[in-house]
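Okay, so here's the structure we're looking at.
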Amino acid sequence: NAGVTQTPKFQVLKTGQSMTLQCAQDMNHEYMSWYRQDPGMGLRLIHYSVGAGITDQGEVPNGYNVSRSTTEDFPLRLLSAAPSQTSVYFCASSYSVEYEQYFGPGTRLTVT
Amino acid sequence: GQSLEQPSEVTAVEGAIVQINCTYQTSGFYGLSWYQQHDGGAPTFLSYNGLDGLEETGRFSSFLSRSDSYGYLLLQELQMKDSASYFCAAINGGATNKLIFGTGTLLAVQP
């Protein structure tokens, strides 16, 4: 099993550009989520999904969109990148919110 | 709103015991989890408390008191490799299904 994979590992964007961060898991987990982590800070929940076709907002959803068309994939879209979105983005998956979350290796995004 | 408070930094020596506290204010509280994160790495799961009391997993134990909205992580026989950030995370179950992380505690283990 590959676990949770994220691509790309690093990305530099210019202000106003859009992009999609990819997240995939091969553990047949229903619950998937996206977090951002700023330097020296905790993880803040952006969006989450309890199953294919179902998504909901977390603590900091503005500027981000998600979709869940399959159980395996949960892409995060930045609509119009801003310097405030410079962060490390982690995707996680689990059987349910109360179970152990498996995190991907993260995507380090810089917006200039 | 929802918030989880932890001390920002803790320092201890090898072989010692350290306790990292977490107080929370959150609606629809379901349980408390703990995660470890080494610098530059992904968080990894340590423990989960769905009921009041102590859960033990090897050198790590975690405690929850729902009446006090309080939990802690206890690390025994500290090793240098335990130097990392530790996060408590509150599970909001029911309709919300959210996992909200605390601010994190940076643990430095000294020789």
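The values are calculated or read from the model by the stated rules, or taken from the named source; none is laboratory data. Everything numeric in this text was worked out from a predicted model, so none of it was measured. Using ideal geometry, Cβ is built from the backbone for each residue, glycine included, and neighbour counts are taken over all protein chains shown. Ligands, DNA and RNA are stripped out before the accessible areas are found, and what is left, the full protein with its side chains, is counted by its heavy atoms. Shrake-Rupley method; radii C 1.70, N 1.55, O 1.52, S 1.80 Å.
General remarks:
- Hits in region A:27-37 - residues which are part of a loop (DSSP other than H, G, I, E, B) and surrounded by 13 or more Cβ atoms within 10 Å (Cβ to Cβ): A:MET27, A:HIS29, A:GLU30
- Of all residues in region A:1-26, those being part of a loop (DSSP other than H, G, I, E, B), open to solvent by 30 Å² or more (accessible area, probe 1.4 Å) and out of contact with any helix residue (DSSP H, G or I) (no Cβ under 8 Å at 6 or more places or on another chain) number 9.
Results for (1) touching a residue at least 40 places away in the same chain (Cβ under 8 Å); (2) farther than 24 Å from A:SER94 by Cα; (3) open to solvent by less than 20 Å² (accessible area, probe 1.4 Å), shown as yes or no for each residue.
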position: B:GLN19; (1), (2), (3): yes, yes, no
position: B:PHE29; (1), (2), (3): yes, no, no
position: B:ASP39; (1), (2), (3): yes, no, no
position: B:LEU107; (1), (2), (3): yes, yes, yes
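- Region B:70-101, residues that are small (Gly, Ala, Ser), outside any strand (DSSP E or B) and at pLDDT 95 or above: B:SER83
Table: residues versus (1) within 12 Å of chain B (Cβ to nearest Cβ); (2) modelled with pLDDT under 95.
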position: A:ASN28; (1), (2): no, no
position: A:SER33; (1), (2): yes, no
position: A:GLY58; (1), (2): yes, yes
position: A:SER80; (1), (2): no, no
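- Test: B:SER61 is farther than 22 Å from A:VAL88 by Cβ and at pLDDT 95 or above: yes
- Every residue from region A:72-88 that is within 21 Å of A:GLU30 (Cβ to Cβ) and buried (at least 19 other Cβ atoms within 10 Å of the Cβ): A:PHE74, A:LEU76
- Hits in region B:49-71 (condition: buried (at least 20 other Cβ atoms within 10 Å of the Cβ) and in contact (Cβ under 8 Å) with a residue 24 or more places away in the chain): B:SER62, B:LEU64, B:GLY71
- Scanning region B:9-40 for residues that are under 30 Å from A:THR5 (Cα atoms), part of a loop (DSSP other than H, G, I, E, B) and modelled with pLDDT of 95 or more yields one hit, B:HIS38.
- Hits in region B:48-69 - residues which are outside any strand (DSSP E or B) and either away from every other protein chain (no Cβ under 14 Å) or of a type in the set (A, V, I, L, M, F, W, C) (or both): B:LEU51, B:ASP52, B:GLY58, B:ARG59, B:ARG66, B:SER67, B:ASP68, B:SER69
- Residue list for region A:38-56, restricted to those being within 13 Å of chain B (Cβ to nearest Cβ) and either part of a loop (DSSP other than H, G, I, E, B) or under 10 Å from the mean Cα position of the chain (by Cα) (or both): A:ASP38, A:PRO39, A:GLY40, A:MET41, A:GLY42, A:LEU45, A:ILE46, A:HIS47, A:TYR48
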